[in-house]
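**Q** Dumping the structure here so I can ask a few things about it.
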Amino acid sequence: GKAAEDGAKEVSMATQSLAAVMSCEEIMKILPHRYPFLLVDKVVRFVPGERCIAVKNVTANEPQFTGHFPGMPIFPGVLMVEAMAQVGGIVMLQPPITEAAEGGGAAGDFFFAGVDAVKWRRPVVPGDVVVIEMEVVTVKKRFGIAKMKGKACVDGVVACEGEFLFAFGTGLAKKAAK
């Protein structure tokens, strides 16, 4: 049929990339992570203080696949949770959330503090495009915490989901640096 005859041009049109509202370079201005630990390639939807949808392209040349697992590469579940937390960090490290932090807040003043009810629903493998959505549930300025819920999907199927806790880190970064 026609599908079998399609060339690179036609196939590439079928896999058109979602337009980025935030590039990798812009993400690096917000998140402190760098290769090989920056796990967000681009942001495709963003509502300040509310939610973020971002993309992680999984490729075979990522370092974790050397040992996880030889001959059967599977993206580690803990890195999936970290990628989700990084997408949450894109919301948490910008206004209006940073303005809710004691002392006005600033980039780097939020820390990933915990996860709950995490479920891995399907393996993620090289070639997968993971679409991650993180949404703010509550921000409790008085207690210095914020909760988010998130899910990561591949081909329209939930691969991972869970609840995330972030802590306002006013002063924590300075203590950690000592």
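**Q** Answer with yes or no whether residue 125 is modelled with pLDDT of 95 or more, closer than 28 Å to residue 64 by Cα and not in a strand (DSSP E or B).
**A** So residue 125 fits the description; yes.
**Q** Among the residues of region 40-58, is there at least one that is at negative phi and exposed (fewer than 11 other Cβ atoms within 10 Å of the Cβ)?
**A** No, every residue in region 40-58 fails to be at negative phi and exposed (fewer than 11 other Cβ atoms within 10 Å of the Cβ).
**Q** Mind checking which residues of region 75-114 are modelled with pLDDT under 95, farther than 19 Å from residue 45 by Cα, open to solvent by 30 Å² or more (accessible area, probe 1.4 Å) and not small (Gly, Ala, Ser)?
**A** If the condition is that a residue be modelled with pLDDT under 95, farther than 19 Å from residue 45 by Cα, open to solvent by 30 Å² or more (accessible area, probe 1.4 Å) and not small (Gly, Ala, Ser), then 99, 102, 109, 111, 112 are the ones that fit.
**Q** Taking residue 15, is it of a type in the set (Ser, Thr, Tyr), surrounded by fewer than 14 Cβ atoms within 10 Å (Cβ to Cβ), under 22 Å from residue 153 (Cα atoms) and touching a residue at least 24 places away in the same chain (Cβ under 8 Å)?
**A** For residue 15, the condition - of a type in the set (Ser, Thr, Tyr), surrounded by fewer than 14 Cβ atoms within 10 Å (Cβ to Cβ), under 22 Å from residue 153 (Cα atoms) and touching a residue at least 24 places away in the same chain (Cβ under 8 Å) - is not met.
**Q** If you don't mind, there's one more thing I want to ask. Scan region 25-58 for residues that are in a strand (DSSP E or B) and either over 13 Å from the mean Cα position of the chain (by Cα) or charged (D, E, K, R) (or both) and jot them down.
**A** 42, 45, 47, 51, 56
**Q** Shifting gears a bit: Of all residues in region 59-74 being outside any loop (DSSP other than H, G, I, E, B) and not aromatic (Phe, Trp, Tyr), which is least open to solvent (accessible area, probe 1.4 Å)?
**A** Within region 59-74, the match that is least open to solvent (accessible area, probe 1.4 Å) is 64.
**Q** Follow-up question, since we're still on this one. How many residues does region 115-140 contain that are open to solvent by 30 Å² or more (accessible area, probe 1.4 Å) and touching a Phe, Trp or Tyr at 6+ places or on another chain (Cβ under 7 Å)?
**A** Matching residues across region 115-140 total 3.
**Q** Take the residues in region 18-34 that are of a type outside the set (Lys, Arg) and open to solvent by 90 Å² or more (accessible area, probe 1.4 Å), then tell me which one is nearest to residue 127 (Cα to Cα).
**A** So, considering only residues that are of a type outside the set (Lys, Arg) and open to solvent by 90 Å² or more (accessible area, probe 1.4 Å), the one nearest to residue 127 (Cα to Cα) is 25.
**Q** From the list 158, 91, 139, which one is in contact with a Lys or Arg (Cβ under 9 Å, 6 or more places away or on another chain), β-branched (Val, Ile, Thr), within 26 Å of residue 15 (Cα to Cα) and outside any loop (DSSP other than H, G, I, E, B)? I'd like the intermediate steps shown before the answer.
**A** Numbers: 91 fails: within 26 Å of residue 15 (Cα to Cα); 139 fails: within 26 Å of residue 15 (Cα to Cα).
Testing whether each residue is in contact with a Lys or Arg (Cβ under 9 Å, 6 or more places away or on another chain), β-branched (Val, Ile, Thr), within 26 Å of residue 15 (Cα to Cα) and outside any loop (DSSP other than H, G, I, E, B) leaves just 158.
**Q** Determine the pairs where a residue that is over 16 Å from residue 61 (Cα atoms) and in contact (Cβ under 8 Å) with a residue 40 or more places away in the chain, located within region 113-138, has a partner that is open to solvent by 50 Å² or more (accessible area, probe 1.4 Å) and assigned to a strand (DSSP E or B) with Cβ atoms under 6 Å apart, the partner being 6 or more residues away or on another chain.
**A** What qualifies is 113/165; 114/165; 116/163; 117/163; 119/161; 133/151; 135/51; 135/149.
The values are calculated or read from the model by the stated rules, or taken from the named source; none is laboratory data. In this text the structure is predicted, and so the values were computed from the model without any measurement. FYI the Cβ positions are ideal-geometry reconstructions off the backbone, even for glycines, and counts take in every protein chain you see. Surface accessibility is based on the protein's heavy atoms, side chains included, excluding ligands, DNA and RNA. Shrake-Rupley method; radii C 1.70, N 1.55, O 1.52, S 1.80 Å.
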